[in-house]
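Here's the structure, in structure tokens; my notes come after.
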Amino acid sequence: MRHVPSARLLRGALTAGMALGLSALALPSPAQAADGADRCPQGSVCVFSQPLFQGDMLVVKGPMLSLGAWDNRIRSFVNNQWDTHAVCFYPKPGLDPEGSVWLYNSASFDESQNPGLDNAVSSLDIGAEADDFCGWESRYPALSEALDFRPTSLPATGAFGDIDRDGYADVFGRNAFGQLWSAHRTAPYGPGTGRLLGGGWNAMTNLIRHGDQDGDGNEDVYARDGVGSLWLYPGDGKGAFKPRRLIGGGWNSMRDLAAAGDLTGDGKGDLLAVDANGVLWTYPGNGKGWFGARAKVGGGWKAINELVGAGDTNSDGKADLVARDTAGSLWLYPGNGRGWFGTRKLIGTGGWNGHKELAGLGDVTGDGLPDLVAHASGRPYGWDGYTYLLVYPGTSDGRLRAPLSLGQLRSGTFVF
């Protein structure tokens, strides 16, 4: 029986060991076979070119975003997975959720309850996540009812994070296939909206954003690639990008990057970077996406393993920095409006290393205050091994309230 958690948005079993390769093995029809289904190895999923498990056979090794020569050719399948996970079939390539169907039992499509799949499958998914993430959840995170409409009078220090300018915080999600999606608000337990922005994003080693960087009023993204080049992806205000622009090379010398809003008080978005020696630098934005001469903030930042441009968290009108140290404590570094920070304040006493990622998306909950978003796994947030997207609502003095569930993530998905 299929496991169904209490909230449809928060269903799914994440299995870290699931193979995400796209490989498969095609086998010709044997000269003699008493039962075509017997050809399928135990522990495998096999698809066949003819009804009743006859004809050519393909042994599926993992999720397949496209089927190549097997596109619209599958007529029956055998599910011999050890843990009886579902197989999710998609009529469209790329795991497009429209028309997707999950099935547990081996079937010949022409004689099944899903005859529309006969010769009409263009991608498929197998493994533990194929069940709980079959359909619209398969490729991008679905946001829950914790997301709420923002006040219209938000200043720039709290209004960032809205990539389609609809008054709600949005997320970008890079999935295990290297696809980048923008995900937007949804009614509770509904399918929500997502937009595929392209593939190949696994080539990027750092993805950051914090409001408008080039002066057009739209949220932008910086991405560092594997050779150390930094790129600006200007937002189009609709959840996608205009053509990217190269900012410069040599950024692999920086251990961490964070877009943090206007730190210098000139109304332009700035960038923070920690180098290999633990020195923190401010790169002042010029309002066109590039930066002026960097300024040294200080040393000793090797003890910090996460930087978050969280906005004006203490309500003084200046952009602040939230940072996590290697001991798992969370600190607020109040900005002084001149490019560096005042005396830090402890806002999380420990355990924050349990969050794989932290992100600042501005006001998520609709109360006018910037919040903190986190990736969380296992209890007490849900079932062991599951990964959730949480939002920690901010307070006017820089502290954080108890977390709310914002969504659930498929393994290998990075949200920012």
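Taking only protein heavy atoms and a 1.4 Å probe, what accessible area per residue, in Å², does the stretch 149-306 have with all protein chains in place?
40
For residue 92 and residue 176, what does the FRET efficiency come to when R0 = 25 Å and r is the distance between their Cβ atoms, rounded to the nearest 0.05?
E between residue 92 and residue 176, to the nearest 0.05, is 0.85.
Starting at 0 and stepping by 20 Å, how many percent of the alpha carbon pairs of the chain end up in each bin?
In whole percents, the pair-distance histogram is 26, 50, 21, 3.
Quick check: Cα centre of the stretch 304-343 to Cα centre of the stretch 244-295, how many Å?
Centre-to-centre distance over Cα atoms comes out at 15 Å.
About its Cα centre, how strong a charge dipole does the stretch 201-327 have in debye, to the nearest 20, once Lys and Arg get +1 and Asp and Glu get -1 at the Cβ?
420
With the full set of protein chains in place, find how many percent of the accessible area of the chain is carbon and sulfur; take the probe as 1.4 Å.
52
Return, for the Cα atoms of the stretch 254-404, the radius of gyration and Dmax in Å, separated by a comma.
15.2, 48
Can you pull out the chymotrypsin sites (Phe, Trp or Tyr not before Pro) in the stretch 110-176 whose DSSP state is coil and whose Cβ has at most 13 other Cβ atoms within 10 Å?
149
As I understand it, the dipole of the stretch 295-337 uses +1 on the Cβ of Lys and Arg and -1 on the Cβ of Asp and Glu, about the Cα centre. Which of 323, 305, 334 lies farthest toward its positive end?
305
Taking the alpha-carbon distance from residue 302 and a cut-off under 17 Å, which aspartates and glutamates remain once sequence neighbours fewer than 8 residues away in the same chain are dropped?
In chain and number order, the partners are 256, 275, 325.
In square nanometres, what is one fourth of the surface area of the convex hull spanned by the alpha carbons of the stretch 300-344?
Computed as one quarter of the Cα hull surface, the answer is 3.1 nm².
Hey, could you get me the Stokes-Einstein D for the stretch 221-323, Kirkwood radius over alpha-carbon pairs, 37 °C and 0.692 mPa s, rounded to whole µm² s⁻¹?
228
Considering amide H positions built from the backbone, and no H for Pro or chain starts, which residues 5 or more places from residue 241, or on another chain, come under 5 Å of its amide H?
236
The values are calculated or read from the model by the stated rules, or taken from the named source; none is laboratory data. Since the model is a prediction, treat every value here as computed from it, not as a measurement. Because the Cβ atoms are built from the backbone with ideal geometry, glycine has one as well, and the counts that use them run over all protein chains shown. The protein model used for the area step is the full one, side chains on, heavy atoms only, and it has no ligands, DNA or RNA in it. Shrake-Rupley method; radii C 1.70, N 1.55, O 1.52, S 1.80 Å.
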